[in-house]
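> Pasting a structure below so you can have a look.
The values are calculated or read from the model by the stated rules, or taken from the named source; none is laboratory data. Quantities reported herein were computed from a predicted structural model and do not represent experimental measurements. Backbone-built Cβ (ideal geometry, glycine too); neighbour counts: all protein chains shown. Each accessible area value is taken on the protein alone, full model and side chains, heavy atoms only, with ligands, DNA and RNA left out. Shrake-Rupley method; radii C 1.70, N 1.55, O 1.52, S 1.80 Å.
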Amino acid sequence: MALAIDADLVPVDRLSRARKLHLLLFGLLIFVSLGSLTTGATGVALMDVLWKLLQGQELSQVERIVLFDIRIPRLAMGLMVGASLAVAGAVMQGLFRNPLADPGIVGVSAGAGLGAIMSIVLGGLLPLAILESVGRHLTPIAAFCGGWVTTILLYRVSTRHGRTSVATMLLAGIAIGALSGAATGVLTYIANDAQLRDMTFWGMGSLAGASWGKLAVAGPIMLISMGGVMFMGRGLNALALGEATAHHIGIEVQKLKNLAILAVAASVGAAVAVSGGIGFVGIVVPHLLRLGTGPDHRALLPNAALLGASLLVGADMIARVIIAPAELPIGIVMAILGAPVFLWILLRQRGVVDL
């Protein structure tokens, strides 16, 4: 009887911890969001702006531009990109049943990067009418298309007789990532100095190009993808027991894999398109959360969205102030923060996980 009571108490305890962590992460998200709106090289203080608004005073042109055209779009983009990458990482780890899985492991990020680099190097060869119509959005559009083409190719290679092999997709993703790297090397070789500079900074990742226009295009894709993924928690939990077991308990395994792959491709493609290459969010955030609340994806996925958003916005704050008034690429900041944490996780679990 005592054993039965203890077994019943374990899920309740985990659920309670997950709820407490959810509230804590929500508070952290509010804190870093307010900090992001206050942080910058222009010296516009959020509290001063709010005080003026409460008193009905007119904001100066500089205050309006800095707050409503620069900081708020940048904050919104940081929240959505961070949440998308973290949730995508949690889904990929659940789908592959591998704690080292990452959105980049299936080649989606590499394909999006290749699309962006092609637009930088070869974009000038497009007809003038197309260049005038897309304007500054050419690189994000090309990155998103590159991610989707990669996803379609992966799906066609790894699916046979209506069944998708996760192992084949993993190997195909590695191969496509290598091919994308080779194509990127060729484009790098033929690029001029200005194009090389653009390629370098895009690859390092940044939220400096955030705008309401980019949010209007990429934001709905990321939000819809993340919203759909939140309903996959039970299926991913069952998939951890094996595909056969998941099928026997009523999970439509193939449908789950299809939806998960499409959602990850859409969210990661959109995130990479507007922010460039940003690593470690998708692999570190789910690991940290599992240490606190366990592997239950019903709690892991929403908490990953909160922590991923907070982590990226916090890294963006550091990127803006560490060498102010210049700005450090956020990809470098995430590598500095994420790599030691990832190594610590590996050292902590090396006795548990046999690699």
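> Which residue pairs have Cβ atoms under 8 Å apart, sit 6 or more places apart or on different chains, and have a first residue in segment 223-247 that is among the acidic types (D, E) and a second that is open to solvent by less than 70 Å² (accessible area, probe 1.4 Å)?
E243/V253
> Being in contact (Cβ under 8 Å) with a residue 12 or more places away in the chain and farther than 23 Å from M222 by Cβ narrows it down to one of T168, T151, T188, so name that one.
Step by step, each of T168, T151, T188 is checked, and only T188 is in contact (Cβ under 8 Å) with a residue 12 or more places away in the chain and farther than 23 Å from M222 by Cβ.
> I've got another one for you. Return the residues of segment 266-309 that are touching a Lys or Arg at 6+ places or on another chain (Cβ under 9 Å) and either modelled with pLDDT of 90 or more or in a helix (DSSP H, G or I) (or both); say none if nothing qualifies.
Going through segment 266-309, the residues touching a Lys or Arg at 6+ places or on another chain (Cβ under 9 Å) turn out to be 273-274, 291-294, 296-300.
Scanning segment 266-309 gives A273, V274, L291, G292, T293, H297, R298, A299, L300.
> List the helices (runs of 4 or more DSSP H) that sit entirely inside segment 168-265 and contain at least 2 residues that are within 30 Å of L328 (Cα to Cα) and among the small types (G, A, S). Step through it out loud before you land on a result.
On the way: elements: 193-204, 212-229, 233-239, 243-248.
The helices (runs of 4 or more DSSP H) meeting that bar are 193-204, 212-229.
> Next up: Does segment 237-254 include one or more residues that are closer than 21 Å to G107 by Cα, open to solvent by less than 20 Å² (accessible area, probe 1.4 Å) and in contact with a helix residue (DSSP H, G or I) (Cβ under 6 Å, 6 or more places away or on another chain)?
Step one: of segment 237-254, the residues closer than 21 Å to G107 by Cα are 254.
If we keep only those that are open to solvent by less than 20 Å² (accessible area, probe 1.4 Å) too, we end up with none.
The answer is no, given that none of the residues of segment 237-254 is closer than 21 Å to G107 by Cα, open to solvent by less than 20 Å² (accessible area, probe 1.4 Å) and in contact with a helix residue (DSSP H, G or I) (Cβ under 6 Å, 6 or more places away or on another chain).
> Does any residue in segment 193-213 that is farther than 19 Å from I70 by Cα and free of Cβ contacts under 8 Å to residues at least 40 places away in the same chain come within less than 8 Å, Cβ to Cβ, of a residue that is among the hydroxyl-bearing types (S, T, Y) and in a helix (DSSP H, G or I) six or more places away or on a different chain, and which pairs are these?
Filtered contacts from segment 193-213: L196/T188.
> Inspect all residues belonging to segment 155-162 and state whether any of them is in contact (Cβ under 8 Å) with a residue 60 or more places away in the chain, farther than 19 Å from M222 by Cα and part of a helix (DSSP H, G or I).
yes
> Test M92 against the criterion of being part of a helix (DSSP H, G or I), in contact with a helix residue (DSSP H, G or I) (Cβ under 9 Å, 6 or more places away or on another chain) and buried (at least 24 other Cβ atoms within 10 Å of the Cβ), and give yes or no.
Yes: the conditions hold for M92.
> Only residues in segment 117-140 that are over 22 Å from G205 (Cβ atoms) count as the first member; pair them with residues that are open to solvent by 70 Å² or more (accessible area, probe 1.4 Å), Cβ under 6 angstrom, at least 6 apart or cross-chain, and list the lot.
Every condition considered, no pair remains.
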